[in-house]
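Structure record follows, encoded as structure tokens.
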Amino acid sequence: MNGHNAPDMPPRLSPSLLDRYIIRQLGVALVLVTVGLLALIWLTQSLRFIQIVVDHGLSPFVFIKLTGLLVPSFLSVILPITCFIVVLFTYSRLGGDRELTIMRGTGLSDLRLARPALAVAFGSTLLGYLLTLAVVPGTLKAFHDYEFEIRNQVAAFLLQPGVFTHVSNDITVYVQSRSADGTLSGILIEDTRDRAAPATILAKSGQIVYDPTGPVVVLVNGSREVIDAHTGRLDVLSFARNEISLAVAAHTGADLYLDASEVPLSALFHPNGQTLPQNRGKWAVEAERRLSAPLGTITYTLIALIGVLGGTFRRHGGLARPIGAVAAVTVLVALTLGVDNLAARNTMLLPLIWVMALLPLAGALYLLARQRLIHA
């Protein structure tokens, strides 16, 4: 009799097997959604670089390298959001297919069902810390250096025979002809970088060379004409050889100081003259943000779990709770940005950054633990 009824009894599901099943679905979805959003953001942000590549005949490799250096920073920003989306969608689908009901029937509580999502969120948080603390500052520094190099290198491509070329706001170059080996003939340069003494440089010939600061045009057999601001006299200096830098982005003034996003964490806490005094608040906020922002992945995941696990057995509540979870995350993101801006203006508010990071996390964890719905 027992042998006849045994096939009708439901098989016992292993909790570890269920964990692997959910983690596999979450992992695949997380990769696909993250790659999709990353590609969309990369495409929209890289449009500003396409024109300079097309107009000046730069290699596609330059475009790929330049925009590729921005990808880690994009990833660190979207990872908490994609984790929230994936957990919300995957668990909603499991609930809609009654798979969560079956799992609960084996005696698993909401906290136990949440374990696979929390494991994925914890792994994503570790990845977030790796990006924000180690990878992103280095790639952004490399991006700004490479962008500076490209802007200077482009100056050489801009020189077209018979055209007055505005290399920058302060330098205009005219070249009568350009031979196949790069030799320039009939050169006129209007250099107004020194506002007090703008100069006009004429030369019979020249050649573009490169040094670490950017392109330099070596002029041969020419003259430099400057109008004296005090006397109004035209001073002419003849030369056999002269060099004029065509560097577009000279490091002067505020450009001497690094951006907060591209320096290591230790430098954010101890600037040592690397930034202007009025930017110290931004550096302090950046330091606290790097340490607290990845925790948002766990917080958003907990909110998603509250939204889908708590409403599984409600006939008319299946949609309202996920929408509420989306609204809650939207409000948290907006509040976090607002607190960051306020703390940058007043460093006394820096503790609020950690309040925004830890309070929602603790509250979400409490709410998830409270809606236990344990089935013995």
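What follows is calculated from the coordinates using simple rules that are stated; it is not laboratory data. Keep in mind that this is a model prediction, so the values were computed, not measured. Every residue, glycine among them, receives a Cβ derived from its backbone with ideal geometry; neighbour counts consider all protein chains shown.
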Original post:
Fully extended, how many nm does the chain gain between Ala142 and Ser266 (0.36 nm per residue separation, minus their Cα-Cα distance)?
Top reply: 42.8 nm
Subject >> Distance between modelled label sites at Lys204 and Phe239, nm, 7 Å Cα→Cβ extension >> reply: 1.7 nm
Original post:
What is the fewest-to-most order of Asp110, Asp235 by other Cβ atoms lying within 10 Å of their Cβ?
Top reply: Asp235, Asp110
Original post:
Tell me, Met356, Met103, Met348 in order of fewest to most beta-carbon neighbours within 10 Å?
Top reply: Met348, Met103, Met356
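Could you calculate the FRET efficiency of Glu225 with Val135 from 1/(1 + (r/R0)^6), where r is the beta carbon distance between them and R0 is 45 Å, rounded to 0.05? Don't skip to the answer; put the middle values down first.
Working: r = 51 Å, r/R0 = 1.13.
Efficiency, from the Cβ-Cβ distance: 0.30.
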Subject >> Simple label model, 7 Å out from Cα along Cβ direction - Leu358 to Arg193, nm >> reply: 5.1 nm
Subject >> Cβ-derived FRET efficiency at R0 51 Å, Ala180 paired with Val31, nearest 0.05 >> reply: 0.55
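For Phe122, Phe61, what's the fewest-to-most ordering of other Cβ within 10 Å of each Cβ? It would help to have the intermediate numbers written out before the result.
Details: Phe122 13, Phe61 10.
The most exposed by this proxy come first: Phe61, Phe122.
Rounded to the nearest 0.05, what FRET efficiency do Leu367 and Gln45 give with R0 = 41 Å and r taken as the Cβ-Cβ distance? Could you check? List each step's numbers first, then the result.
On the way: r = 36 Å, r/R0 = 0.88.
Efficiency at R0 = 41 Å is approximately 0.70.
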